[in-house]
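Novice: Take this structure, written in structure tokens, and hold onto it; I'll ask about it next.
The values are calculated or read from the model by the stated rules, or taken from the named source; none is laboratory data. Keep in mind it's a predicted model, so treat the numbers as computed, not measured. Positions of Cβ are generated from backbone atoms using ideal geometry, with glycine treated the same way; all protein chains shown enter the neighbour counts. Just the protein is used for accessible areas: all its heavy atoms, side chains included, with ligands, DNA and RNA removed. Shrake-Rupley method; radii C 1.70, N 1.55, O 1.52, S 1.80 Å.
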Amino acid sequence: MEKPVISIRHLVKKFPAGKGEFTALKGIDLEFNTGEFAGLIGPSGSGKTTLLNIIGSLDAPSTGEALVLGNSIGQLSAKEAARLRKHSLGFIFQSYNLLAVHTVYENVEFPLLLLDYSASERKKMVLEALEWVGLTNKIDSRPPKLSGGECQRVAIARAMVKKPSLVLADEPTANLDADNSHHILKTMETLNRELKTTFLFATHDEKVIGYLRRKIFLKDGRVDKDEWVK
Amino acid sequence: MIRFLLKGLLRDKSRSRLPIIVVAIGVMLTVFMHAYITGFMGDTIEMNANFANGHVKIMTKAYAENMDQMPNDLALMETDQLLEELTSQFGSVDWAPRIRFGGLLDVPDEQGETRSQGPVFGLGLNFLSGDSREAERLNIDHVLVRGQRLTQPGEALISELFSQKMHINPGDTVTLIGSTMNGSMAFYNFTVAGTLSFGSEALDRGALLVDLEDARFALDMQDAAGEIIGFQSEGYYNDATALAMSERFNQKHANADDEFAPVMKSLSQQGSMGLYVSMAKYWSVYISLIFVLTMGLVLWNAGLLGSLRRYGEFGVRLAMGEAKDHVFITLIYEAMAIGMIGTIIGTAFGLLFAWLLQTYGLNISGMMEGASLMMPSTIRARITAESYYLGFIPGLLSTVAGTMLAGIGIYRRQTSQLFKELET
Ligand SMILES: Nc1ncnc2c1ncn2[C@@H]1O[C@H](COP(=O)(O)OP(=O)(O)OP(=O)(O)O)[C@@H](O)[C@H]1O
Ligand SMILES: [Mg+2]
């Protein structure tokens, strides 16, 4: 059997709060395999972002273990975590977080600069990624000139351009209307199918939930339900 | 990556414009102030050198001890021989024997009776021998008010103010009443060739300038001189070489018992000039330091604001897998680029303004009236080799230090915290 992409055991995350501490994740056990199109679903404050951040090596568990692509997140040094993100993880944020002074092309190119691809390789990969999201005609535009939907498509291209093993998307449709939401979700679904990239969402948007093949319901820092579609 | 950063710098005006302006202004002021102070203090030093101190001065030991009394009875003897020795030992230096003397100037009427009388401060220097540069040193052509410069023995130049008080005109005959080297009374007639206005009260009150040979005749000082002053060939006072020269000379003439043995003193070893010379030397350091500190503070805060604004960008870059210290280093590179550009712009403007002040000068003779200190009446900047690179010290130091201080915030924050700020 194939090794899971993500393997979480007894994960607890506590935050200091006032004099005591606040437990945001109260013992999570989950596994994800290559090619999943899964989502963490739950009301505000249920711990979706906290869990996604730990999987993304942006934060560390308090106790328990989170193995991502064979790396135990809590044990990684800052440098090792950065290397994991650089090579294997893609992020998509609610607020796009594109670099406003750089063009669409440069935004998508940035992850490749960190990976030391040659100029010609970068060009090929960036154009390919922009083709996936249908933005080859906006190469030289800057984010402030783009619509929200276009911005999120650039963000998807940026997350996908290096063909990472795992893409983490936190509320990717929260700022988008229905048409744009469906458009980017279809794009991600296609990429998931064609590139075998594992997608993990955090969302409470019904439109997103409709596309998920696995729905993990979080409630108050615990897994409430873990459903597979069909 | 570098191109990526440069694009960010060039396109994000708020990232580059304010710091560049701050650096440019600070560097401009540093460069200009340095040239201004070097010019003003340097000119003051040269003026004092030209009129009184020389870059180095040789006197007898005894004369040196009572310098302000102009004790010509303690003057140097056999100066021709001494000059020969000096010329062979310090060939590049221009040596000028001078005699300072006090006395009364008596202005007779047609009958030869005294019409008016007043105290003068006399200076005998080499006007008439062909290769002497003394007239040039005292700027005679520029300060001449009436009449003409000395052209033959027996002539004198007197200060314009004094000439008016005493009702003397060019062409008049005046009599110097003084004392000879041996202490007897001296009388000597001069024809007034012209009048001078130096713009310095000390000189304008009663200066009498005569040829060295006339002074020697008048004061019975054949082959003698109160002092021999030397001027370095660079044209500007160089303290280090002047001190070295004095040491060499004095070692050779160290003769403890002989109070008539010659001693050499650099300009900085004469009275309060030493303080002034060291002030001139350290001022540029102080200025740079002041600008490093103030600009550093401004840029630190600008950097803080800038990186607060850029936490989003840093967060994204960290999420893409850029290491924290790499983000920090790129910030330093950006700061260096900004410091460079700002310094180049600031140095260019600083040099421009300094050049204007060097070329055209600023006449402050109005402000100088009544000042007893000998200072130039025109302020001029002086652009030196330092002017071209001095600005890089505050320019680069302040941007880099400011950014480093501001950038520490990135380290202090948890990566996930940068993200919290991203979400909003
Ligand atoms: N850095 C932190 N310090 C303290 N408490 C935190 C921190 N981050 C999250 N929390 C708390 O942990 C809980 C879970 O937060 P989280 O952001 O994971 O929720 P979420 O499910 O993503 O909610 P939303 O749908 O609003 O994004 C919340 O109660 C939140 O206040
Ligand atoms: Mg959230």
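Novice: Restricting the search to the range B:199-208, which residues are in contact (Cβ under 8 Å) with a residue 60 or more places away in the chain and outside any strand (DSSP E or B)?
Specialist: Residues satisfying the conditions are B:GLY199, B:SER200, B:GLU201, B:ALA202, B:LEU203, B:ARG205, B:GLY206.
Novice: If A:ILE6 passes every condition in (1) more than 11 Å from ligand 1 (Cβ to nearest atom); (2) at positive phi but one, which one does it miss?
Specialist: (2)
Novice: Still on this model: Taking the range A:190-207 as the search range and keeping residues that are more than 13 Å from ligand 2 (Cβ to nearest atom) and β-branched (Val, Ile, Thr), which one is farthest from the other protein chains (Cβ to nearest Cβ)?
Specialist: Within the range A:190-207, the match that is farthest from the other protein chains (Cβ to nearest Cβ) is A:THR190.
Novice: Restricting to the range A:1-31, name every residue that is out of contact with any Asp or Glu (no Cβ under 8 Å at 6 or more places or on another chain) and part of a loop (DSSP other than H, G, I, E, B).
Specialist: Correct list: A:MET1, A:GLU2, A:LYS3, A:GLY18, A:LYS19.
Novice: Suppose we filter A:THR49, A:THR34 for residues that are in contact (Cβ under 8 Å) with a residue 60 or more places away in the chain, away from ligand 2 (no atom under 16 Å from the Cβ) and not in a strand (DSSP E or B); which single one remains?
Specialist: Going through A:THR49, A:THR34 in turn, the sole match is A:THR34.
Novice: Before we move on, is A:ALA169 touching a residue at least 12 places away in the same chain (Cβ under 8 Å), within 16 Å of ligand 1 (Cβ to nearest atom) and within 14 Å of chain B (Cβ to nearest Cβ)?
Specialist: It is true that A:ALA169 is touching a residue at least 12 places away in the same chain (Cβ under 8 Å), within 16 Å of ligand 1 (Cβ to nearest atom) and within 14 Å of chain B (Cβ to nearest Cβ).
Novice: Identify all residues within the range A:57-71 that are among the aliphatic types (A, V, I, L, M), away from chain B (no Cβ under 12 Å) and open to solvent by 20 Å² or more (accessible area, probe 1.4 Å); write none if there are none.
Specialist: Correct list: A:LEU67, A:LEU69.
Table: residues versus (1) within 30 Å of B:GLN232 (Cα to Cα); (2) open to solvent by less than 40 Å² (accessible area, probe 1.4 Å); (3) in contact with a Leu (Cβ under 7 Å, 6 or more places away or on another chain).
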{"position": "B:LEU105", "(1), (2), (3)": "no, yes, yes"}
{"position": "B:ARG133", "(1), (2), (3)": "yes, no, no"}
{"position": "B:ASP141", "(1), (2), (3)": "yes, no, no"}
{"position": "B:ARG146", "(1), (2), (3)": "no, no, no"}
{"position": "B:LEU161", "(1), (2), (3)": "no, no, no"}
{"position": "B:ILE168", "(1), (2), (3)": "no, yes, no"}
{"position": "B:SER184", "(1), (2), (3)": "no, no, no"}
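Novice: Quick one: in the range A:111-140, which of the residues that are within 14 Å of chain B (Cβ to nearest Cβ) and in contact with a Lys or Arg (Cβ under 7 Å, 6 or more places away or on another chain) is nearest to B:LYS324 (Cα to Cα)?
Specialist: This residue is A:LEU114.
Novice: What are the residues in the range B:273-323 that are aromatic (Phe, Trp, Tyr) and within 14 Å of chain A (Cβ to nearest Cβ), if any?
Specialist: Hits for the range B:273-323 are B:TYR311, B:PHE314.
Novice: Now for a separate question. Considering only residues that are within 14 Å of chain B (Cβ to nearest Cβ) and surrounded by fewer than 21 Cβ atoms within 10 Å (Cβ to Cβ), look in the range A:1-16 and name the one that is farthest from ligand 2 (Cβ to nearest atom).
Specialist: In this case the residue turns out to be A:PRO16.
Novice: Also: Considering (1) within 12 Å of chain B (Cβ to nearest Cβ); (2) within 16 Å of ligand 2 (Cβ to nearest atom); (3) surrounded by 21 or more Cβ atoms within 10 Å (Cβ to Cβ), say which one A:ILE28 fails and leave the rest.
Specialist: (1)
Novice: A follow-up question, please. What number of residues in the range B:13-31 are in contact (Cβ under 8 Å) with a residue 12 or more places away in the chain, open to solvent by 40 Å² or more (accessible area, probe 1.4 Å) and either more than 13 Å from B:ILE345 (Cβ to Cβ) or touching an Asp or Glu at 6+ places or on another chain (Cβ under 7 Å) (or both)?
Specialist: 2
Novice: Separate question: Which ones in the range A:72-82 are facing chain B (nearest Cβ under 7 Å) and either over 16 Å from the mean Cα position of the chain (by Cα) or among the hydroxyl-bearing types (Ser, Thr, Tyr) (or both)?
Specialist: Scanning the range A:72-82 gives A:ALA78, A:LYS79.
Novice: Need the failing condition index for A:PRO43 against (1) more than 12 Å from every other protein chain (Cβ to nearest Cβ); (2) within 16 Å of ligand 1 (Cβ to nearest atom); (3) assigned to a strand (DSSP E or B), just the number.
Specialist: (3)
Novice: Name the residue, out of A:LYS79, A:LYS19, that is out of contact with any His (no Cβ under 6 Å at 6 or more places or on another chain), away from ligand 1 (no atom under 16 Å from the Cβ) and open to solvent by 70 Å² or more (accessible area, probe 1.4 Å).
Specialist: Exactly one residue qualifies, and that residue is A:LYS79.
Novice: Can I ask one more? Can you tell me how many residues in the range A:106-117 are within 20 Å of B:ARG310 (Cα to Cα) and open to solvent by 10 Å² or more (accessible area, probe 1.4 Å)?
Specialist: Total meeting the criteria: 4.
Novice: When the range A:84-103 is examined, which residues are found to be modelled with pLDDT of 95 or more and either more than 13 Å from chain B (Cβ to nearest Cβ) or surrounded by fewer than 17 Cβ atoms within 10 Å (Cβ to Cβ) (or both)?
Specialist: A:HIS87 - this is the single residue of the range A:84-103 that is modelled with pLDDT of 95 or more and either more than 13 Å from chain B (Cβ to nearest Cβ) or surrounded by fewer than 17 Cβ atoms within 10 Å (Cβ to Cβ) (or both).
Novice: Let me ask something additional. Note down all Cβ pairs under 9 Å where the first residue falls in the range B:269-290 and is outside any helix (DSSP H, G or I), the second is open to solvent by 70 Å² or more (accessible area, probe 1.4 Å), and they're at least six residues apart or on different chains.
Specialist: Going by the 9 Å Cβ cut-off, the qualifying pairs are B:GLY271/B:ASP68.
Novice: What single numbered condition from (1) outside the structural domain of B:SER398 (by TED's automatic domain parsing); (2) at pLDDT below 90 fails to hold for B:ASP94?
Specialist: Unmet condition: (2).
Novice: Further, regarding this structure: Mind checking whether some residue in the range A:175-192 is away from ligand 1 (no atom under 16 Å from the Cβ), within 30 Å of A:LYS13 (Cα to Cα) and either surrounded by fewer than 21 Cβ atoms within 10 Å (Cβ to Cβ) or free of Cβ contacts under 8 Å to residues at least 12 places away in the same chain (or both)?
Specialist: Yes: the range A:175-192 contains one or more residues that are away from ligand 1 (no atom under 16 Å from the Cβ), within 30 Å of A:LYS13 (Cα to Cα) and either surrounded by fewer than 21 Cβ atoms within 10 Å (Cβ to Cβ) or free of Cβ contacts under 8 Å to residues at least 12 places away in the same chain (or both).
Novice: Given the structure, is A:ALA100 farther than 25 Å from A:ILE209 by Cα and in contact (Cβ under 8 Å) with a residue 24 or more places away in the chain?
Specialist: Answer is yes for this residue.
Novice: Of the numbered conditions (1) over 14 Å from the mean Cα position of the chain (by Cα); (2) more than 16 Å from ligand 2 (Cβ to nearest atom); (3) among the β-branched types (Val, Ile, Thr), A:ILE216 satisfies every one except a single condition; which is it?
Specialist: (2)
Novice: Another one. Would you mind telling me which numbered condition in (1) near ligand 1 (Cβ under 10 Å from one of its atoms); (2) touching a helix residue (DSSP H, G or I) at 6+ places or on another chain (Cβ under 6 Å) A:ASN71 fails?
Specialist: (1)
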